[in-house]
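Single-structure report; data block below.
The values are calculated or read from the model by the stated rules, or taken from the named source; none is laboratory data. Predicted, not measured: the structure shown is a model, and the values here were computed from it. A quick note on method: Cβ atoms are made from the backbone with ideal geometry, for glycine too, and the neighbour counts reach across all protein chains shown. These area figures cover heavy atoms from the full protein model, side chains too; ligands, DNA and RNA do not enter into them. Shrake-Rupley method; radii C 1.70, N 1.55, O 1.52, S 1.80 Å.
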Amino acid sequence: MAQVSETLDLSTDKALDRDCTTLSRHVLQQLHSFGPDAQDLSALMNRIALAGKLIARRFSRAGLMEDVLGFTGEVNVQGESVKKMDIYANEVFISVFKQSGLVCRLASEEMEKPYYIPENCPIGRYTLLYDPIDGSSNTDINLSLGSIFSIRQQEGTDLDGEAKDLLTNGRKQLAAGYILYGPSTMLVYSIGKGVHFFTLDPSLGEFILTEENVKIPDHGAVYSVNEGNFWQWDEQYREYIRYVHRTEGYTARYSGAMVSDIHRTLVQGGVFLYPGTLQKPEGKLRLLYESAPLAFLIEQAGGRATTGTVDILDVVPKQLHQRTPLIIGSKQDVAKVESFIQNGH
Ligand code: AHG
Ligand code: MN
Ligand code: MN
């Protein structure tokens, strides 16, 4: 009898331990510190988690509410039609960070210029870069979507309001990650100490640690690319795709939301590509709030991300909304694509 209750106690302890590892506690544990910088990062991650919960809540009831689905009729700075959820999610991040005190500027896909929160600027030493909804074409069809975020230290006073200090390489990111709105809502993040998965427990309203120090396999079977653009790519990309077509062991998956595709790649390996096209020679994806945060995560998990010639984290942008070709995923699979781009085979 005694033995049974001991076993029971142990398993209860384990479950409780897991349930108590919230995101803010995890950040502090990772930094082995309760100092001001650690407290800041912990608070910042907590605010991102709140934004994720608000967006997830709205998605989960989308069909039941007025004014959630569909387009606004506006076109954003990228020339793309804006969905109502893009605007809602963009404003959610602004609202949660207005109240944090820690962030002076937010730069997003949906805003031409960074948004300043003047009341935070004297103490707000951080900038949030984000894609409020990634894969917004999935909004109206109830498929997976995401949000992508990146935190940088503000450098200098930015008195001219040009935010020039953001035009630096991706290695300057303090933290990066994404929220995946799928069958469950997950938050995946790194502060440069590995990649960690949290899953939203709706009954608790908390993101709970579900996997620590995730490593991407060195190779995976999946290649993930919009093959509808085949005739718009450079010949080297077409040759790579012909290679996977004729080689046994490859299979294709493409969700229309990069966050979902990257999440699968992280867990199961493989490669995701968005090459330049005739219409968009630099591709579609934006460096500062899409490619660089995901590159930071994938490198932390032991994978790679490149433009084809330069590591994504080494690219120095000239503009806030700069686009970049992206090849990201398992080491071996990224190397294979690179060899087609650089050597033609
Ligand atoms: P966003 O919704 O933020 O504009 O990003 C969509 C991105 C990415 O998530 C996805 O992989 C890709 O665009 C899909 O684009 P295509 O339809 O051109 O393949
Ligand atoms: Mn996006
Ligand atoms: Mn978007």
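Just a few scattered comments:
- Residue 302 vs. criteria at pLDDT 95 or above, within 18 Å of the chain's Cα centre (by Cα), part of a loop (DSSP other than H, G, I, E, B) and at positive phi: yes
- Given (1) of a type outside the set (S, T, N, Q); (2) within 16 Å of ligand 2 (Cβ to nearest atom); (3) open to solvent by less than 40 Å² (accessible area, probe 1.4 Å), index of the condition residue 238 fails: (2)
- In the stretch 330-345, the residues that are more than 18 Å from residue 249 (Cβ to Cβ), under 26 Å from the mean Cα position of the chain (by Cα) and of a type outside the set (Val, Ile, Thr): 338
- From the list 107, 89, the lone residue that is within 16 Å of ligand 2 (Cβ to nearest atom), under 17 Å from residue 138 (Cβ atoms) and of a type outside the set (Phe, Trp, Tyr) is 89.
- Near pairs, Cβ below 9 angstrom, 6+ apart or cross-chain, from the stretch 313-341 (free of Cβ contacts under 8 Å to residues at least 24 places away in the same chain) to any residue that is surrounded by fewer than 17 Cβ atoms within 10 Å (Cβ to Cβ): 339/345
- Filtering the stretch 21-71 to residues that are small (Gly, Ala, Ser), within 16 Å of residue 203 (Cα to Cα) and within 18 Å of the chain's Cα centre (by Cα) leaves 49, 52, 56.
- Meets criteria (in contact with a helix residue (DSSP H, G or I) (Cβ under 8 Å, 6 or more places away or on another chain) and surrounded by fewer than 16 Cβ atoms within 10 Å (Cβ to Cβ)) for residue 230: yes
- Out of 131, 158, one residue alone is on the phi > 0 side of the Ramachandran plot and in contact (Cβ under 8 Å) with a residue 40 or more places away in the chain. It is 158.
- Count of the stretch 238-261 residues which are in contact with a helix residue (DSSP H, G or I) (Cβ under 9 Å, 6 or more places away or on another chain) and within 16 Å of ligand 3 (Cβ to nearest atom): 6
- Candidates 299, 282, 290: the one that is open to solvent by less than 10 Å² (accessible area, probe 1.4 Å), in the same structural domain as residue 338 (by TED's automatic domain parsing) and among the acidic types (Asp, Glu) is 290.
- Residue 250 within 14 Å of ligand 1 (Cβ to nearest atom) and open to solvent by 10 Å² or more (accessible area, probe 1.4 Å): no
- Residue 189 being part of a strand (DSSP E or B), away from ligand 1 (no atom under 16 Å from the Cβ) and hydroxyl-bearing (Ser, Thr, Tyr): yes
- Counting only helices (runs of 4 or more DSSP H) that sit completely within the stretch 22-98, those holding 3 or more residues that are modelled with pLDDT under 95, away from ligand 3 (no atom under 16 Å from the Cβ) and open to solvent by 40 Å² or more (accessible area, probe 1.4 Å) correspond to 23-31, 36-60.
- Within the stretch 109-142, considering residues that are in contact with a helix residue (DSSP H, G or I) (Cβ under 8 Å, 6 or more places away or on another chain) and aliphatic (A, V, I, L, M), the one farthest from ligand 1 (Cβ to nearest atom): 117
- Residue count, the stretch 238-284 (criterion: on the phi > 0 side of the Ramachandran plot and more than 21 Å from the chain's Cα centre (by Cα)): 1
- All positions within the stretch 270-300 that are closer than 20 Å to residue 193 by Cα, touching a residue at least 24 places away in the same chain (Cβ under 8 Å) and away from ligand 2 (no atom under 13 Å from the Cβ): 295, 296, 297, 298, 300
- Single residue of 167, 174, 159, 128 found to be open to solvent by less than 10 Å² (accessible area, probe 1.4 Å), more than 14 Å from ligand 2 (Cβ to nearest atom) and within 21 Å of residue 319 (Cα to Cα): 128
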